[in-house]
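Okay, so here's the structure we're looking at.
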Amino acid sequence: MVKNILIVEDDDFFRELLRKKLLSKEFNILEAVDGEKGVMLIKEKKPDLVLLDLLLPNIDGFEVLLRVKGDLSTSKIPVIILSNLGQQEDIERGLKLGASDYLVKSQFDINQIVEKIKTLLDKPHA
Amino acid sequence: MKHATSALQIAITITAVFLALLTLLESWFFINVNPLGMYFIVLFVLIIIFLFTVLFLFKIKKLEATEANFIDTLKKFESNYLTLQVEKNKILSIITSFSDGILILKNNGTIDIINSQAERILGVLAKEVLHKPLLDLEVHFPRINTVGSLLLSDVKYSFTKELKIEKDLIIQIHVNPLFVKREYMGKLIIFHDITKEKVVAEMKTDFISSVVHQLNGPLSAMKLSLEMLLHGDFGKMRKEQKEVIEKLNQKNKVLVTLVGDLLSMARIEERYSYHYTPVDLEGVIHSVVALNKDEIEIKKITYKFEKSKAKFPKIMLDKEKINLVIQNLFENAIKYTHVRGKITISLKEINGNAELAIKDSGIGIPESQQKKLFTKFFRGTNATKLHVVSSGLGLFIAKNIVEAHKGKIWCKSKEGKGSIFFISIPMRRVDSVRS
């Protein structure tokens, strides 16, 4: 069964590259360019996984995570934070809010990101 | 002189009485015509007079000497007292005109001295608080209430703490217990207003963070697109094209690392950006290792953590910055260790210091270059040949952070054999500071 991945990323070029890579791995891709749209799509479409940037227009990624994890209908959806913010306090905050993983863009290459996605999607979610 | 005069008067009186009695006795002998008796009596009397005179003269001399010493001592006391008064006035002038707030608490908790800066910082007037117990003043003055428990803590050693008294007032409080011959006399407290410095430091960090994030955006996109090009996501490339893209990818990685390290440098060079909390150093080590486990697995490195069985106590550290130090050192150990190499981390307490050692079986550092190890942008010649991505700032940043914690960092290394990086930080334990 084809898995749906929602990319919440305001950088058009970065989002396009991610979409291309993930489509080549046979995922179905949804996209949101800001936090509000991200929350809306998560609640409407219930994707299998969310790739979430933190520095977003409207509401930031932390707020998106808070809303999604605070809603019973979406709290089980795994969220991988994919951000340029690499400070320890940001990583701890993201994980504390319920992110399944926190990847700093500068520290992971695209194949590692894809592997992380596959590992999470293969895990059963209670 | 008065005492000497009294002694002389007494001596003269006694001699006069004695001579009067003697005259009576002589008269009796003269009347009864006994010349020999008279002779002996006179001789006896002369000897007695001589002895008494000598004794009295000796006493008088002694009294005079004592009097003179006493007067000398009094003069010295007077001179010392005047000197002390002058010194006290000097100190009071210094305290009054000092740019920081100064407060002196007596050992009974009352305020002995307060200068105008301390009045401003605490929002009080000297006449309202002098010679009054700090504990009683907490109720009436909100700012004293904020700092009161810190100033009255029964800690008997010097410490420094940052406190936000109000929205626009951040101060650094230095508390110094005062002892005279091991007897506790009170406390000298210095209030240093760091509000402006904090604001400037925050503005600088915000500016640099903002610039770095703006740079990181395009750098990340470049990184991703270069990786995808190399992986063939945009079709197969000719050999020459691939070589160029590989070099570009390496350069991009260096740029990404440099931008990240520049942000770290900006943060560590701020004096007021250190926030000390109780930190579980073992936990920090475990989380750094976990973050790098993929790299360890890829290179099949054998990793070991050596420590005592008992849980290492929590110590006061800036967690984020110490994490950065351990991360830098561990990352270097991985980068410069070959496939199937070994890395060992050890943690122990030595003479009141937490000593962490990260040992690797890597390329080591040429001896001639070891002196420059902790300088900005240093990279060993053997390291540059490895084409490993590095900004050359990691060890400089680590040294700055360790020294800000009043610690030391050093390295033992042999080219071709490996390196051991040591950091030693004084263990300020959580239970030794009453919060």
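Things to note:
- Tensor-based shape of the range A:1-79 (alpha-carbon gyration tensor, a/c under 1.5 rounded, otherwise prolate or oblate): oblate
- Note on B:Glu297: accessible area is roughly 120 Å² with a 1.4 Å probe, heavy atoms of protein only.
- Probing with 1.4 Å while keeping every protein chain in the model, the per residue accessible area of the range B:216-362 equals 50 Å².
- Anchor B:Lys88: lysines whose Cα lies under 19 Å away (excluding residues fewer than 8 positions away in-chain): B:Lys76, B:Lys106, B:Lys187
- Here the accessible area is traced with a 1.4 Å probe on the protein chains. For the range B:46-176, carbon and sulfur cover 63 percent of it.
- Largest GNM mean-square fluctuation among A:Val104, A:Val39, A:Val79, using chain A with Cα springs under 10 Å: A:Val104.
- Highest-MSF residue in chain A out of A:Gly35, A:Gly98, A:Gly86 [GNM, Cα springs under 10 Å]: A:Gly86
- Area hidden from solvent between A and B (accessible, protein heavy atoms only, 1.4 Å, total, Å²): 2000
- The protein assembly as shown - share of DSSP beta bridges that are antiparallel (%, nearest 5): 70
- Chain A, accessible surface, carbon-and-sulfur percent (1.4 angstrom probe): 49
- Within a straight-line Cα-Cα reach of under 16 Å, B:Lys242 can be paired with the following aspartates and glutamates, leaving aside sequence neighbours fewer than 8 residues apart in one chain: B:Glu227, B:Asp233.
- Residues in the range B:76-183 average 63 Å² of solvent-accessible surface per residue, probe 1.4 Å, ligands and nucleic acids excluded.
- 1.4 Å probe, heavy atoms, protein only - residues of the range B:218-252 losing at least 50 Å² accessible area vs chain alone: B:Ser220, B:Ala221, B:Lys223, B:Leu224, B:Met228, B:His231, B:Asp233
- Distance between the range A:51-97 and the range B:243-262 - C-alpha centres, whole angstrom: 27
- Extension gain (nm, one decimal) between B:Lys75 and B:Val211, 0.36 nm per residue minus Cα-Cα: 41.8 nm
The values are calculated or read from the model by the stated rules, or taken from the named source; none is laboratory data. Note that the coordinates shown come from a computational prediction; the quantities given were computed from them, not determined experimentally. Ligands, DNA and RNA are stripped out before the accessible areas are found, and what is left, the full protein with its side chains, is counted by its heavy atoms. Shrake-Rupley method; radii C 1.70, N 1.55, O 1.52, S 1.80 Å.
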